[in-house]
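Some notes on the structure that comes next.
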There are 2 protein chains.
Amino acid sequence: MTLELGVLLSGRGSNLQSILDAIACGALDARVRLVVSNRAEAQGLERARKAGIPSLFLDHRGYPDRSAYERELVQRLGAAGVEWVVLAGFMRIVTRELLGAFPERVVNIHPSLLPAFPGLDAQAQALAYGVAMTGCTVHLVDEGVDHGPILAQASLAVEPEDTRETLSARLLDREHALLVATLQRIAEGDLTVSPPADAGGRPRVSWRGGPPRA
Amino acid sequence: MTLELGVLLSGRGSNLQSILDAIACGALDARVRLVVSNRAEAQGLERARKAGIPSLFLDHRGYPDRSAYERELVQRLGAAGVEWVVLAGFMRIVTRELLGAFPERVVNIHPSLLPAFPGLDAQAQALAYGVAMTGCTVHLVDEGVDHGPILAQASLAVEPEDTRETLSARLLDREHALLVATLQRIAEGDLTVSPPADAGGRPRVSWRGGPPRA
C-alpha cells in the first residue's frame, strides 16, 4: 500500500529530502501529501516547493494555545489526504490533539539510542556523557518526550575525534536510511501495533520478518 | 606490561573464564592474581581452583559494615599483588574504600549500552522497554550505580523472538569479547584517564588509536 505522508518540520528538512529521494528512486512506496513547517524560514519548505509538494507555513504563534494550533494542523493534514505523519525535525511537542487524529501513526526520528539521551541535542548529550556507541531511533510518538514505542534503531560508534558536528553528520546518514527503511516496511504492511500488555504500559510493536535495519 | 588482575564475582564467573582463556591462548597479557567471591557457592571459585588461581570466599555478612568488608578485600587484593580489579558479576556496590585503593583501576562490565538500563537485570529492562538495539559497556567504577566513565561499548540487535535468556546469552558473548579486548588495550598502555573537565564531572577517558572494539 502507498503511504500517504504528512511531514512536519522546523528546519532544513534533510529527512524530508531523504524521503523524497527514496520515493523518486522507487525505494519507498509513499507520497508526501503535505509538508508543514512552524517556522517560515525552514529550508524544508523550499525543498517541498522544489519537489512540487504542497507546503504550508503554519505559525504556532498565531494560535491561542497548543490545542488550537494542532486542531488546525490536523484539519490541514486530513484535507490533504495524509494518513501517516512524520516528525522530521519538528521542534514542537505534540499533544493528544494530533495523536488522537492519527492514532499510532505519528512517527519521529531521534538521534540517540533511546531511552538514552531524550530531548534536545542528543548528540551533545552523548558526547558529554562519553559514550563509545550511540545511534538513532525511529519511534511512534506519544505524549512523553521521545518516549513512544520503538520501531527501529541503528547503532553508530563514536570516534575519539568526534565533535558535535561530525557525530551529527554521521548520525544523520543513519537516520535517513533508518527512517526510509522503516517507512517502507510500514508500507509493505509488516508493522503491527497492539494495545499495551498492562495499564500504563506502551503499545507493543511487532514486525513481520523482524524489525527494519539500516 | 602485564596486567595484575584481581577478579571479584558472585556467580558463575563466565567473564573470569573468558579472561583465563584469553590469557591461556596469548590474547591477553595479564595474570589473575586472586579471585574473590562474596558467595561460597559461586561457580567462579571452582573455575579459579581448576586454573590454579588463588581464590577466596569472603563473606560480607561476617563484617559489621561495607567499609570493614572492603578494607579486608583491599588488604587481600594488595597482598596478592593485584593492580587492576575487575568486577565480573560481583553483586555488591563498591565504595570509596576499594575505589580509593585502586583509583581509576576498578573495571566493571554491564549488559546494556549505558546510560540506558543501569542496575539489576538490564536485559529484562531492555526487553520490557522494547528496544531494537542494546549492547554492553565496560566502564571504570565510581560510587554511582553503573555510572563511571565508559571505556568501551559494543552493540547488539534485539531479535523479535528474544527472551531474557536468549538475549543474555548473546550479550554474554559480546561482554566476554569486549572485556578481554579492553583489558588487553589497557595492558598495551593505550588508556589515559584524565581528571574531570569541571567540578562534579567524571574523569575523562582517551584511547591511543581509538577505543577497543569487540
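Only one of the listed residues (B:152, B:169, B:116, B:128) is within 14 Å of chain A (Cβ to nearest Cβ), assigned to a helix (DSSP H, G or I) and not basic (Lys, Arg). That residue is B:128. Taken over the stretch B:131-144, the criterion of being farther than 20 Å from residue A:127 by Cβ and not in a strand (DSSP E or B) is satisfied by B:131, B:132, B:141, B:143. Checking the stated criteria, residue B:89 turns out to be at pLDDT below 95 and under 25 Å from residue B:185 (Cα atoms). Scanning the stretch B:132-170 for residues that are within 26 Å of residue A:179 (Cα to Cα), aliphatic (A, V, I, L, M) and touching a residue at least 24 places away in the same chain (Cβ under 8 Å) gives B:132, B:133, B:154, B:157, B:158, B:167. If you check A:82, A:74 for being in contact with an Asp or Glu (Cβ under 7 Å, 6 or more places away or on another chain), touching a residue at least 12 places away in the same chain (Cβ under 8 Å), in a loop (DSSP other than H, G, I, E, B) and among the β-branched types (Val, Ile, Thr), only one passes: A:82. Looking across the stretch A:5-61, the residues that are in contact with a Ser or Thr (Cβ under 7 Å, 6 or more places away or on another chain) and assigned to a loop (DSSP other than H, G, I, E, B) come down to A:10, A:29, A:38, A:39, A:42. Residue B:211 meets each of the listed conditions (1) exposed (fewer than 14 other Cβ atoms within 10 Å of the Cβ); (2) facing chain A (nearest Cβ under 8 Å) apart from (1). When residue A:32 is tested against (1) surrounded by fewer than 16 Cβ atoms within 10 Å (Cβ to Cβ); (2) touching a strand residue (DSSP E or B) at 6+ places or on another chain (Cβ under 7 Å); (3) without any contact (Cβ under 8 Å) to a residue 40 or more places away in the chain, only condition (1) is not met.
The residues of the stretch A:175-208 that are part of a helix (DSSP H, G or I) and either at positive phi or away from chain B (no Cβ under 11 Å) (or both), listed by number, are A:175, A:176, A:177, A:179, A:180, A:181, A:183, A:184, A:185, A:186, A:187.
The values are calculated or read from the model by the stated rules, or taken from the named source; none is laboratory data. Just so you know, these numbers come straight off a predicted model, no measurement behind them. Heads up, the Cβs are rebuilt from the backbone with ideal geometry, glycines too, and the neighbour counts pull from every protein chain shown.
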